[in-house]
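> Dumping the structure here so I can ask a few things about it.
The values are calculated or read from the model by the stated rules, or taken from the named source; none is laboratory data. Please read these numbers as outputs of a predicted model, since none were measured by experiment. Positions of Cβ are backbone-derived with ideal geometry, glycine not excepted, and every protein chain shown enters the neighbour counts. We work out accessible area using only protein heavy atoms, side chains counted, and drop any ligands, DNA or RNA first. Shrake-Rupley method; radii C 1.70, N 1.55, O 1.52, S 1.80 Å.
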Amino acid sequence: MNGKAIGQATIRDVAREAGASVASVSRVFNRLPNVRPELKERVEAAARKLNYVPHAGARNLSLARTGVIGVVLPDLHGEFFSEILRGMEREAAMRGRHLLLSNMHMGLGDGVEALRNMRGRVDGLIVMAPHIDPDLLFAHLPASIPAILLNGPENRQGRPELRIDNAAGARTMVEHLVATGRRAIVHIAGSHGNIEAAERARGYREAMVAAGLAPVILPGNFDEESGHLAVQRLQIQQMDVDAIFAANDMMAIGALVALRDMGVDVPGQIAVAGFDNIPLARLISPGLTTMAVDIADLGARAINRLSAVIDGENVPQTELRYPSLIVRNSTTQTTA
């Protein structure tokens, strides 16, 4: 029998057989870039001859890898974050990786501390910080640590980004509401300083102006309570309104509950729409019209892209995903 039994040959044996250094052989087995084709062929031929099988654990050790991906989110509570983590965990498990979670409720200092706690414990980071300047945040992160920015502002460090086209989604929703005959469309905005909230408000304003309508924006905080409070404000100020477009589904649900408590017919008197398409949006009554973001797939895609960066592959700096309109009974009544 040629070579050693499976499991007996070492990477040094392969290097000796291929006439290459151990470091070069390691680069071939880990599919790192800038490996000459002839070297790759020699190493793979030597491995076949010696019945050498790379060991994942040893490979990680040789690269000082942990097999862990750090995930830093603005919050860990709510359906949006549950869905995005579900997608991340599913993709990470398929790749034999684990997740280490942290959150940054507050501002820059909180984010810097979260990143500092991850250093040395993870192979790369997925950071979702739509409320923080990424250049200030990443200034505290060594350039050698792979990182993907999720749903954040543009960065100037060349870090790969994965974002939703929030402005386009908001424009689409306003166009839908206008097409159903709505003219007094009020927007409940997301948290102040949050780039996603700002982009959705921008798309709303642009679509309203394009339709010859006056934009009206009320403050919100991406939670159910702020949607409820916005409707109470509309009632107190006796604002003219025939549609409410909230910057996320939880605020839209809060608005629906408040309107129900006031005896207002939805969508007969006031249509209500949200953004994100969380699972609850299709379960409430009436079903909530929303802009669908495949949240779990977004999380899985973030893991996919970061894994590619960790493995030395080139990925596009920016990947933009477009939400799709899901029409339910909160904006249009079905006919029998």
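> Before rounding to the nearest 500, sum -39500 (n - 2.57) across all DSSP H runs of length at least 4 in the chain and divide by the residue total; then give [θ] at 222 nm in deg cm²/dmol.
-13000 deg cm²/dmol
> Let me ask something else about it. Measure nothing fancy, just the Cα-based angle from helix 224-236's long axis to the longest principal axis of the chain, in degrees from 0 to 90, nearest 10.
Result, in degrees: 20.
> For the chain, modelled as a Gaussian network with Cα springs under 10 Å, which listed residue fluctuates most, N221, N314, N155?
Evaluated over the chain, the most mobile residue of the options is N314.
> Same structure again: Which one of L218, A255, S191 has its Cα pushed farthest toward the positive end of the charge dipole of the stretch 189-286, where Lys and Arg give +1 and Asp and Glu give -1 at the Cβ?
Value computed over the given set: L218.
> If you project the alpha carbons of the chain onto the principal axes, what extent comes out on each, in Å, largest first?
85, 48, 33
> Taking loop as defined by DSSP and a crowding limit of 15 other beta carbons within 10 Å, which trypsin sites (Lys or Arg not before Pro) in the stretch 147-206 fit?
Those satisfying the criteria are R156, R183.
> Assign one of three labels to the stretch 152-244, namely rounded, prolate or oblate, based on the Cα gyration tensor with a ≥ b ≥ c the square roots of its eigenvalues; rounded applies when a/c is under 1.5, prolate when it is not and a/b is larger than b/c, and oblate otherwise.
oblate
> Please list, ordered by chain and number, the residues whose modelled amide H lies under 5 Å from the amide H of L100; skip anything fewer than 5 residues away on the same chain.
I69, G70, V71
> Additional query: Roughly how many nanometres apart are two label points built 7 Å out from the Cα toward the Cβ at Q235 and E175?
3.5
> I've got another one for you. Roughly how many nanometres apart are two label points built 7 Å out from the Cα toward the Cβ at V257 and A214?
With each label placed 7 Å out from Cα toward Cβ, I get 3.1 nm.
> Find the accessible area per residue for the stretch 191-280; the probe is 1.4 Å, ligands and nucleic acids are left out, and the unit is Å².
The answer is 44 Å² per residue.
> Could you tell me the largest-minus-smallest coordinate of the C-alpha atoms of the stretch 99-165 on each of the three principal axes, in descending order and whole angstroms?
If we take the Cα atoms of the stretch 99-165, the spans are 32, 25, 22 Å.
> With charges set only on the Cβ (+1 for Lys and Arg, -1 for Asp and Glu), what does the dipole of the stretch 196-336 come to about its Cα centre, in debye to the nearest 20?
Taking the Cα centre of the stretch 196-336 as origin, the dipole is about 220 debye.
> Note the angle between two axes, namely the Cα long axis of helix 195-210 and the longest principal axis of the Cα atoms of the chain, as a number of degrees from 0 to 90, rounded to the nearest 10.
50
> Could you give the dipole magnitude of the chain about its Cα centre, charging the beta-carbon of Lys and Arg +1 and that of Asp and Glu -1, in debye to the nearest 20?
My answer is approximately 1580 debye.
> Based on the Kirkwood radius over alpha-carbon pairs, what is the Stokes-Einstein translational diffusion coefficient of the stretch 196-291 at 37 °C with 0.692 mPa s viscosity, in µm²/s?
245
> Which value, in debye to the nearest 20, describes the size of the charge dipole of the stretch 136-279 about its Cα centre when Lys and Arg Cβ atoms bear +1, Asp and Glu Cβ atoms bear -1, and nothing else is charged?
360
> Rounded to the nearest 10 Å², what accessible area does E206 have for a 1.4 Å probe in the complete protein model?
Counting only protein heavy atoms, the figure is 70 Å².
> Moving to a separate point now. Please determine, in degrees from 0 to 90 and to the nearest 10, the orientation of helix 166-179 with respect to the longest principal axis defined by the Cα atoms of the chain, where the helix direction is its Cα long axis.
30
> Simple spin-label model, 7 Å along Cα-to-Cβ: R86 to R183 in nm?
Taking the simple label geometry, R86 and R183 are separated by 4.2 nm.
> Counting only the heavy atoms of the protein chains, how much of S144 is accessible to a 1.4 Å probe, in Å² to the nearest 10?
100
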